[in-house]
Amino acid sequence: MARAKDSRDQQGPRGDVRDEALTWFVRMNSGDATETDRARHACWLAADPRHRSEYARLGGIWSDLDALRDPRRITPIPQAPRGLSRRMVLSGSIAAGLVGGYVSLNGLPDFLQSNEYTGIGETRRTVLEDGSTVDLDADTAFALEFDDQVRGLHLQRGRALFDVAADPRPFRVRAEGGVITALGTRFSVHLWDGSATVAVEQHAVTLRTSGLGEIQLEEGERLSFGNGAHEAVEPFDAEIQSAWLRGKLIFEDRPLRQVLADVNRYRRGTIHVTSARLLDMRVSGIFDIANPDGVLEAIENTLPLRSTHVTRYLVVLRPA
């Protein structure tokens, strides 16, 4: 897997203590740290008291969140069934009016429009007919658009990591009005709050949108577009970007709107924000996706906002 510039070769990738601590924290908790990593990490900690303080803060956040209990582990809500039972078919005439009303207001649900989808808290890997693999994050859906000329799919919601197999046909992903065409093998597309982020882990992709035209993203580069996103190419750390595959959500100075979009894929219910300015607040942290309520609790405790838990599944956030 492609990596951003290695912090082993310098004190920190961005010269900022928080970013250095986060990079070290990811490396040391990845399960792949070497003896050389441990020695360099010890030297980094000893070099400045701020290093120890920031690293300890991250460790405390992770420990606290891992310890919080998620009530849905005790009273789980079953996933929607993928197949229709005979009883469901027989009762279909009773529900027809309700379904018609829902479709007229909201359109067809994803399980009727998608070839693959995951539910809240569910992740899965799928292999496409051409041998390409797709890792689906929680609450993700896509519809295939394969034919004799092109391999394509429409990412309808969520986040997916694509590992593209060799084939004469181009491989394209449509998302939020943009078209991403693979020029290599491995990239991800992340939908959040009406925006999309494309991140290239290996080789390159082209991205075409109405606002940007067509640009090429190289290995180690990402770009967000749509819904007011800052449409600028930036470097990223692949270990942080793909942490969800290892059960963690890692945010480096990300807007609250993106954090909530990610949390909502793992947490049943709704988080309602009363003020748009709250959505632009910046969040950094490492969270366990098995405990989405812990992420919400950390947000409530660290940002200048107030929360009201109307029910177990409805939380309102408003300015403090």
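The values are calculated or read from the model by the stated rules, or taken from the named source; none is laboratory data. The model shown is predicted, which means the values in this text are computed figures rather than measured ones. Cβ atoms come from the backbone with ideal geometry, glycine included; neighbour counts cover every protein chain shown. Note: areas computed on protein heavy atoms with side chains; ligands, DNA, RNA excluded. Shrake-Rupley method; radii C 1.70, N 1.55, O 1.52, S 1.80 Å.
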Handout entry: Nonlocal amide H pairs with A204, under 5 Å, H built at 1.01 Å
Key = L183, G184, T185
Handout entry: Cβ crowding within 10 Å averaged over residues, with 118-130, 176-188 ranked highest first
Key = 176-188, 118-130
Handout entry: Rounded to whole Hz, the Karplus (6.51, -1.76, 1.60) HN-Hα couplings of the stretch 180-190, x for glycine and proline
Key = 10, 10, 6, 10, x, 10, 10, 7, 10, 10, 10
Practice task
Between beta-carbons, use under 14 Å as the cut-off and find the net charge around E129, counting Lys and Arg +1, Asp and Glu -1.
Solution key: -4
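Given a 1.4 Å probe and every protein chain left where it sits, what share in percent of the accessible area of the stretch 195-317 is carbon and sulfur?
Details: 2400 of 5000 Å².
It is 48 percent, rounded to a whole number.
Give, as a single signed number, the net charge of other residues whose beta carbon lies under 13 Å from the beta carbon of V233, with Lys and Arg counted +1 and Asp and Glu -1.
Around V233, the charge tally is -4.
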Fill in the blank from the handout: To the nearest 20 debye, the stretch 178-305 has a Cα-centred charge dipole, built from +1 on Lys and Arg Cβ and -1 on Asp and Glu Cβ, of 420
Handout entry: E297 versus D130: modelled label distance in nm, points set 7 Å from Cα along the beta carbon direction
Key = 4.6
Problem - Karplus-derived HN-Hα couplings along the stretch 297-304 (A = 6.51, B = -1.76, C = 1.60, θ = phi - 60°), whole Hz, x at Gly and Pro - result: 5, 5, 4, 5, 8, 10, 9, x
Exercise for the section: Scan around Q156 for amide H atoms under 5 Å from its own, H built in the peptide plane at 1.01 Å from N, and keep only partners 5 or more places away or cross-chain. Expected result: A141, F142, A143
Problem - Per-residue HN-Hα couplings for the stretch 238-246 [Karplus 6.51, -1.76, 1.60; θ = phi - 60°; Hz; x = Gly/Pro] - result: 4, 5, 6, 4, 9, 4, 4, 5, 10
Exercise for the section: Provide the per residue accessible area, probe 1.4 Å, for the stretch 191-298, rounded to a whole number of square angstrom. Expected result: 37
Completion exercise
Magnitude of the Cβ-charge dipole (Lys and Arg +1, Asp and Glu -1) of the stretch 200-256 about the Cα centre, nearest 20 debye, reported as 300
Practice task
Can you tell me which of 201-208, 147-154 comes out highest on packing, and rank the rest after it, using the mean Cβ neighbours within 10 Å?
Solution key: 201-208, 147-154
